[in-house]
Each structure stands twice: as structure tokens, then as C-alpha cells.
Amino acid sequence: MQFQLVPITKALSKASFDCGNPSLNEFFRLYALKNDKLSIGKTLIGLVDKKHVTGYLTINTAQITTEDLPEEARKKLPRYPVPAFRIGRLAVDKKYQGAGIGSRLLKHALLKAVEISEVVGLYAVIVDAIDEKAKAFYEKFGFIAFEEKPLTLFLPITTLKAAMK
């Protein structure tokens with residue numbers, strides 16, 4: 001099985017994609033390409049054998065209000081919002097769930113965040129998990145939940161860089 005990531009295009013067939021979550025399916029079919037063209041969020045498509053859409057990843061920038069962070073992280077930061085790299089959406093088609101596609105998509109996003117952090121200030125990678133199952137997926141990679149928003153998680157760039165060494 002040959003896996004590759006490519007930017008979203010109009011030519012890619014989106015109609016058969018089904019990750020099991022209606023809102024993620026709808027975003028992919030109706031809004032991902034438009035948001036990509038407007039540079040609101042850049043979407044990459046996971047393909048197997050150059051034609052089967054296995055999943056997608058949408059990334060953009062964000063900021064974190066430091067009051068949302070756990071006390072341990074908050075005490076080291078200024079009182080104004082800090083820059084972040086957001087994983088806006090990450091979904092895997094039901095036919096490919098459990099095959100490591102989600103991990104591959106996440107790994108790409110994390111590598112991209114580290115790359116960008118070398119030229120632009122970034123405090124963390126953040127993600128809004130769609131449900132508890134997705135939250136558990138991100139926690140396996142070291143993401144930490146916000147205090148008041150348990151489905152919003154973050155991973156400090158310094159932690160990510162240290163893990164990569």
C-alpha cells in the first residue's frame with residue numbers, strides 16, 4: 001500500500017469519503033477546498049495507490065488565551081494570547097481506520113509545526129477533538145487537555161522538539 005499526502009484539488013473525488021462523523025464528512029465535501037483557496041485552512045489528502053482517499057488533514061494558525069491553559073503552563077507565559085499551530089480537522093475514512101492513517105496524518109502535521117516554528121514563533125500545537133475517542137488518540141501522542149475545555153488539547157512545541165531528538 002503506497003501512501004502519499006497531496007494538496008486538496010477539485011479533481012479529487014470527495015463523494016465516497018465517510019469517516020463516520022457527519023460534520024467532518026460535510027466539511028471535507030463542501031468547505032475544505034473553498035477554505036484552502038481562501039487560505040483559511042490548508043487541507044492535505046491522504047491517498048493510497050494514488051487514487052483512494054484515506055483521510056484528510058486541515059491545518060492553520062491560531063492563538064491560545066493563556067487563561068485556558070493548565071496552571072503549570074500558564075505561569076511561564078505572558079498574559080496575552082500566544083501563537084499556535086492548529087490541527088483544524090483530521091479524519092480517516094472508515095475503510096482505513098485502524099491502519100495507521102490517522103497517525104501518519106498527525107505526524108505530518110507535527111513535523112510541519114516544528115518546521116514552521118523555526119521561522120515563526122509558535123508556543124504549541126492545538127487541536128479540538130471531535131469526541132472522547134479522538135481525545136484519547138491525541139493524548140497517546142502527549143497532548144494535554146485545556147482546563148475548562150476538555151476536548152481542546154495542546155502540545156508545546158518545546159515538548160515536541162525534545163521528543164523528536
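The values are calculated or read from the model by the stated rules, or taken from the named source; none is laboratory data. Here the structure is a predicted model, which means the values were calculated and not measured. Because the Cβ atoms are built from the backbone with ideal geometry, glycine has one as well, and the counts that use them run over all protein chains shown. For accessibility, only protein heavy atoms count, side chains too; no ligands or nucleic acids. Shrake-Rupley method; radii C 1.70, N 1.55, O 1.52, S 1.80 Å.
Accessible-area rank, largest first, for 50, 165: 165, 50, with all protein chains present and a 1.4 angstrom probe.
Here the Karplus curve 6.51 cos²θ - 1.76 cosθ + 1.60, taken at θ = phi - 60°, turns the phi angles of the stretch 132-149 into couplings of 5, 5, 5, 4, 4, 4, 5, 5, 4, 9, x, 5, 10, 6, 5, 5, 8, 10 Hz, with x standing for Gly and Pro. Judged by the mean number of other Cβ atoms found within 10 Å, the most tightly packed of the peptides 140-150, 96-106 leads the ranking 96-106, 140-150. Here the stretch 48-88 is treated with +1 on each Lys and Arg Cβ and -1 on each Asp and Glu Cβ, and its dipole about the Cα centre works out to around 160 debye. Give me the base-10 log of I(q)/I(0) for the chain at each q in 0.18 Å⁻¹, Debye formula, one uniform scatterer per Cα, rounded to two decimals. Result of the Debye calculation: -1.15.
Between 120, 130, 110, the Cα set farthest toward the positive side of the dipole of the stretch 61-165 (charges on each charged residue's Cβ, about the Cα centre) is that of 110. Share of carbon and sulfur in the accessible area of the stretch 1-95 stands at 52%, probe radius 1.4 Å. Evaluating 6.51 cos²θ - 1.76 cosθ + 1.60 at θ = phi - 60° for every residue in the stretch 60-75, the Karplus couplings come out as 7, 9, 7, 9, 10, 6, 4, 4, 6, 7, x, 3, 4, 6, 4, 5 Hz, glycine and proline recorded as x.
Across the stretch 18-27, coupling constants 3J(HN,Hα) worked out from phi with the 6.51/-1.76/1.60 Karplus curve, θ = phi - 60°, read 8, 8, x, 10, x, 5, 5, 5, 4, 4 Hz, and Gly and Pro carry x.
The antiparallel fraction among DSSP beta bridges confined to the stretch 27-165 stands at about 85%. Given axes a ≥ b ≥ c from the Cα gyration tensor, I'd like to know whether the stretch 111-165 is rounded (a/c under 1.5), prolate (a/b larger than b/c) or oblate. Prolate, since a/c reaches 1.5 and a/b exceeds b/c. Note on the stretch 57-165: with charges restricted to the Cβ of Lys and Arg (+1) and Asp and Glu (-1), its dipole about the Cα centre is near 400 debye. Ignoring aspartates and glutamates fewer than eight residues from residue 14 along the same chain, the ones with Cα atoms less than 14 angstrom from its Cα are 26, 93.
For the residue pairs 75/149; 95/165; 135/161, alpha carbon separations beyond 25 Å are given by 95/165.
Between the Cα long axis of helix 101-117 and the first principal axis of the chain there is an angle of about 50°, rounded to the nearest 10.
Between 58, 152, 43, the GNM of the chain built on Cα springs shorter than 10 angstrom shows 152 fluctuating the most.
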